[in-house]
Amino acid sequence: MNSFLLIEPNDETFINQLADSLVDRIIVKITPMLSKANPVKQDKVYLTRKRAAEKLQVTPQTLDRYVQEGLIKKLGAGKPSRYHEEEIQLFYENKDKYYRRPRKDVNR
């Protein structure tokens with residue numbers, strides 16, 4: 001049996017309560033589905049050029065050279081430079097694997 005709800009056109013309070021109730025029910029139903037489909041990502045931490053160089057224990061100019069050589073990615077173009085903290089830490093921990101500066105020939 002179909003039941004119909006008759007609402008007076010001027011009963012704005014009732015309509016607002018009904019809408020709020022429906023929205024609440026929808027949120028309760030879809031929240032578990034959304035959290036499974038899109039797990040919450042942790043916010044990335046960004047470092048300035050100076051702070052990234054400090055973490056790597058190099059000068060800012062050396063950091064710029066690493067960027068030029070493609071060893072580290074710089075975010076955005078121009079200034080101010082930003083770097084992912086995670087990438088800087090990973091590079092620092094594995095610096096010997098990634099980068100060996102060529103030695104100068106002492107015989108010249």
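For residues that are touching a residue at least 12 places away in the same chain (Cβ under 8 Å), of a type outside the set (A, V, I, L, M), out of contact with any strand residue (DSSP E or B) (no Cβ under 6 Å at 6 or more places or on another chain) and not in a helix (DSSP H, G or I), tally how many sit in the range 70-102.
So the count comes out to 5.
Take the residues in the range 1-45 that are among the charged types (D, E, K, R) and at pLDDT 80 or above, then tell me which one is nearest to the chain's Cα centre (by Cα).
Among those that are among the charged types (D, E, K, R) and at pLDDT 80 or above, it is Lys29.
Which one is surrounded by the most Cβ atoms within 10 Å (Cβ to Cβ) among residues in the range 44-64 that are hydrophobic (A, V, I, L, M, F, W, C) and under 12 Å from Glu85 (Cα atoms)?
Going through the qualifying residues, I end up with Ala52.
Could you please find all residues in the range 81-99 being more than 18 Å from the chain's Cα centre (by Cα) and either surrounded by fewer than 16 Cβ atoms within 10 Å (Cβ to Cβ) or farther than 21 Å from Lys44 by Cα (or both)?
Within the range 81-99, Tyr92, Glu93, Asn94, Lys95, Asp96, Lys97, Tyr98, Tyr99 qualify.
The values are calculated or read from the model by the stated rules, or taken from the named source; none is laboratory data. This is a predicted model, so every value here is computed, not measured. Glycine also receives a Cβ, built like all others from the backbone with ideal geometry; neighbour counts cover every protein chain displayed.
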